[in-house]
Amino acid sequence: DAGVIQSPRHEVTEMGQEVTLRCKPISGHDYLFWYRQTMMRGLELLIYFNNNVPIDDSGMPEDRFSAKMPNASFSTLKIQPSEPRDSAVYFCASRAATNEKLFFGSGTQLSVL
Amino acid sequence: EDQVTQSPEALRLQEGESSSLNCSYTVSGLRGLFWYRQDPGKGPEFLFTLYSAGEEKEKERLKATLTKKESFLHITAPKPEDSATYLCAVPGGSNYKLTFGKGTLLTVNP
């Protein structure tokens, strides 16, 4: 298995632009998570899905952030409009319901200028 | 609010010099404590899960232990390839919602 696949690996954009991050979870995993990592706040959970349905989005910082999971093999995290304080590494992770192991992708390094 | 605190923030060891990393937590009704390893430019990678006080798990030079208030990650005779950030996490409101500590950056010099 290729693991959790995220794209792009790096994204540099200007303030006010729309940013879309993409994730392909491991096949057969029931749960998908979006995390954000910064030096100041560490790794924070933004939202997670179960069987493509959003379960908890209480970590989404603002209405500028939205996430979708149209099918079991694809999810997006969108920021519109982006701001410099959104600069961080965004990780997607997935797991099976029957296994506590969380598998992370390699992340997207986002820089908003 | 559930909290996870890791110490030290950074630790530098010589190859072969054993030490321990600490993870203290405040959570009502612990439903597991997780250890992950993160290499630069990569996502965290699962190491261990501990569920009850007194439980221990080992993997190569790493041994994780758990008490009612904290967990330790013991590193015996570390090698440079053990250099990484080590993160601990506990489930929050649901078993699927992990709260992570900020990690300990371990550097092992040859």
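In a reduced charge model with +1 at each Lys and Arg Cβ and -1 at each Asp and Glu Cβ, the protein assembly as shown shows a dipole moment near 220 debye about its Cα centre. Peptide B:42-49 is shielded by partner chain Cβ atoms: per residue, an average of 6 of them sit within 10 Å of its Cβ.
The slack between A:Met40 and A:Asn71, meaning 0.36 nm per residue of separation minus the straight C-alpha distance, is 7.8 nm. Averaged over peptide A:29-41, the number of partner chain Cβ atoms lying within 10 Å of each residue's Cβ comes to 2.
For chain B, a simple Cβ point-charge model (Lys and Arg +1, Asp and Glu -1, everything else neutral) yields a dipole of about 200 debye relative to the Cα centre.
Lysine pairs in chain B whose alpha-carbon atoms fall under 17 angstrom of each other, counting only those eight or more residues apart or on distinct chains, come to 4. Working from Cα pairs under 8 Å separated by at least six residues, relative contact order for chain B is 37 percent. In plain terms, the chain from A:Val53 to A:Gln109 could stretch by 17.6 nm, reckoned as 0.36 nm per residue minus the Cα-Cα distance. Cβ crowding within 10 Å ranks A:His10, A:His29, B:His74 as A:His10, B:His74, A:His29, fewest other Cβ atoms first. Here's the picture: a label point sits 7 Å out from the Cα of B:Ser24 along the beta-carbon direction, and within segment B:52-79 the residues with their amide nitrogen under 14 Å of it are B:67-72. Per-residue Cβ neighbour counts within 10 Å put A:Asp86, A:Asp63, A:Asp30 in the sequence A:Asp63, A:Asp30, A:Asp86, beginning with the fewest. Rg/Rh, computed from the Cα trace of segment B:44-110 with Rh as the Kirkwood radius, has the value 0.98. Quick check for you: which residues of segment A:81-96 have the amide N under 18 Å from the point 7 Å beyond the Cα of A:Glu14 toward its beta carbon? Of the residues in segment A:81-96, A:81-87 have backbone N under 18 Å from the label point off A:Glu14.
The numbers here are math on the coordinates, done by the rules we state, and not lab data. The model shown is predicted, which means the values in this text are computed figures rather than measured ones. Please note: Cβ atoms are built from the backbone with ideal geometry, for glycine as well, and neighbour counts cover all protein chains shown.
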